[in-house]
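Report on the following structure.
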Amino acid sequence: MSGIWRTGMVLAALLALSACGLGVSKHADDPNYKAGRADGCWTATSRVPGDPSTVTRNEEAYKSDEAYRAGWNAGYNACRIRDEGSGAGMPDTSSRGTGVR
């Protein structure tokens, strides 16, 4: 009986962990979220460490707009991981955000 219980616990833990990657931001349809995500991704794939001029971020929006900030963080983290692991390279420049419109 303990083997079945242990298997059930392992499956429950795996299911809970897999759900972490499926989360959709409550801001996903917000244009500011989309702009922030584009800026964050662009930064993750093109920034030069130690050179703040290579960070693409609308600082005012990042400080005051929850949707932009959430998008920037999501874009930066998603593209940083992708770029480090697969060598996917920089995104097309047409997808580069310009901050809050």
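Structural remarks
- Contacts under 7 angstrom Cβ, first residue in region 54-81 being touching a residue at least 24 places away in the same chain (Cβ under 8 Å) and β-branched (Val, Ile, Thr), partner surrounded by 15 or more Cβ atoms within 10 Å (Cβ to Cβ) and assigned to a helix (DSSP H, G or I), 6 or more apart: Thr56/Asp39; Thr56/Trp42; Thr56/Thr43
Condition check ((1) part of a loop (DSSP other than H, G, I, E, B); (2) surrounded by fewer than 22 Cβ atoms within 10 Å (Cβ to Cβ); (3) of a type in the set (Ser, Thr, Tyr); (4) in contact with a helix residue (DSSP H, G or I) (Cβ under 8 Å, 6 or more places away or on another chain)) across all residues:
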site	(1), (2), (3), (4)
Gly36	no, no, no, yes
Cys41	no, no, no, yes
Thr45	no, yes, yes, yes
Val48	yes, yes, no, yes
Arg57	yes, yes, no, yes
Tyr62	no, yes, yes, yes
Trp72	no, no, no, yes
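- Any chance Val24 is loosely packed, with under 10 Cβ neighbours inside 10 Å and modelled with pLDDT under 90: yes
The values are calculated or read from the model by the stated rules, or taken from the named source; none is laboratory data. Since the structure is predicted, the reported quantities are computational estimates derived from the model, not experimental observations. Here Cβ is always computed from backbone atoms with ideal geometry, including for glycine, and neighbour counts include all displayed protein chains.
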